[in-house]
Amino acid sequence: MIGIIIALAILVIAETIRLLVLWRQHLKICRQLQFVREQDSCLLVSVNVEHFGELKLAEEINRTLEDVRERKQELSEKEKLIADAYANLSHDIRTPLTSLDGYVQLLRDASTPEEQARYTAIIRERIETLKELLEDLFTFTKLKNGKYEPELKIISLRSVTAETVLSYYDVWKEAGVDPEIDLTEEVLPILGNELAVKRILQNITKNAMVHGHKSIFVTLRKRDERTAEVVIANPVEHPEEIEISRVFEQFYTADRYHQQASSGLGLAIAKEFTERMNGTIGASLDGNRFSVTITFPLQDKNPEV
């Protein structure tokens, strides 16, 4: 009987010691977590005991802490990008706004129908510029916040490209631009979003018109059995000013064109949309010929008509 009592006493003492060790270890973990929370520290939780599942607990806590820190860093980077967008565009928006006020005053004082028509046209052009700048900002913010994912379905890349190119006919004619268009007759089915593909092509085309000569080249073809390719190219007057590795960065504009009404977001938005449709986009500079190439994976079935 005495032996049993001694054995039970030893078990009770051992269990008490184990619980005491665990209690102290839990207190240590709590103190470390409190320090991490209050000091916004990058500290990871450490343990002294490895035999009661504490090491596994610490590992899971540390993984959670690292995930939270990564997400916090991503959020911070997105917030900075959006803040930069507002800061950069505020200057670009202020210029047409300031000139609008002046032209409205000139319109009021205009004494002939010709003067009124001229000032009205200028005011309309400034308003369109503002609308484009704000639309770029709105789209960029949605994309960077992760709040927009285009709905994808099977569409004809040829149909979308042809429709977008034709929509610029009057603009090119008025601006004296001589386009060279080469579109394959194949349907080229891709998994995409029609509005997003149009926006990509429009942004690249606008960029070419702002930065190029009076010519533009649009080519649509089947690169291989699994890939469709669109190339939009134009000669540029000062190729030495273009940093080809930066053209898809947000707010990047070549120095000569910095003062023009451009958000610097057009190609960055094109890149975001392209990658959301599992495509690729790249730029090249061959002599004075600047080209943007977009590729999309081809699908096995044609779009429903």
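Screening 163, 114, 149 for residues that are of a type in the set (Asp, Glu), at negative phi, modelled with pLDDT of 80 or more and under 27 Å from the mean Cα position of the chain (by Cα) leaves exactly one candidate, 163. Selection of segment 161-188 for residues being closer than 25 Å to residue 298 by Cβ and out of contact with any strand residue (DSSP E or B) (no Cβ under 8 Å at 6 or more places or on another chain) yields 163, 164, 166, 167, 185. Specify which of the listed residues (19, 33, 8) is at pLDDT 70 or above, assigned to a helix (DSSP H, G or I) and loosely packed, with under 12 Cβ neighbours inside 10 Å. Testing whether each residue is at pLDDT 70 or above, assigned to a helix (DSSP H, G or I) and loosely packed, with under 12 Cβ neighbours inside 10 Å leaves just 8.
Listed by position, the strands (runs of 3 or more DSSP E) enclosed by segment 152-256 that each have at least 3 residues that are in contact with a helix residue (DSSP H, G or I) (Cβ under 8 Å, 6 or more places away or on another chain) are 178-183, 189-192, 215-224, 227-235. Looking across segment 208-235, just one residue is modelled with pLDDT under 90, more than 24 Å from the chain's Cα centre (by Cα) and buried (at least 18 other Cβ atoms within 10 Å of the Cβ), and that is 212. Within segment 187-201, residues that are at positive phi sit with their Cβ atoms under 7 Å from residues that are of a type in the set (Lys, Arg) and not in a loop (DSSP other than H, G, I, E, B), at 6+ positions apart or across chains, in these pairs: 188/158; 188/222. Residue-level analysis places residue 123 among those that are surrounded by 14 or more Cβ atoms within 10 Å (Cβ to Cβ) and at pLDDT 75 or above.
Among the residues of segment 44-79, those identified as of a type in the set (A, V, I, L, M, F, W, C) and either modelled with pLDDT of 75 or more or assigned to a helix (DSSP H, G or I) (or both) are 55, 57, 58, 61, 65, 68, 75.
The values are calculated or read from the model by the stated rules, or taken from the named source; none is laboratory data. Just so it is clear, the structure is predicted and the values come from calculations on it, not from any experiment. A quick note on method: Cβ atoms are made from the backbone with ideal geometry, for glycine too, and the neighbour counts reach across all protein chains shown.
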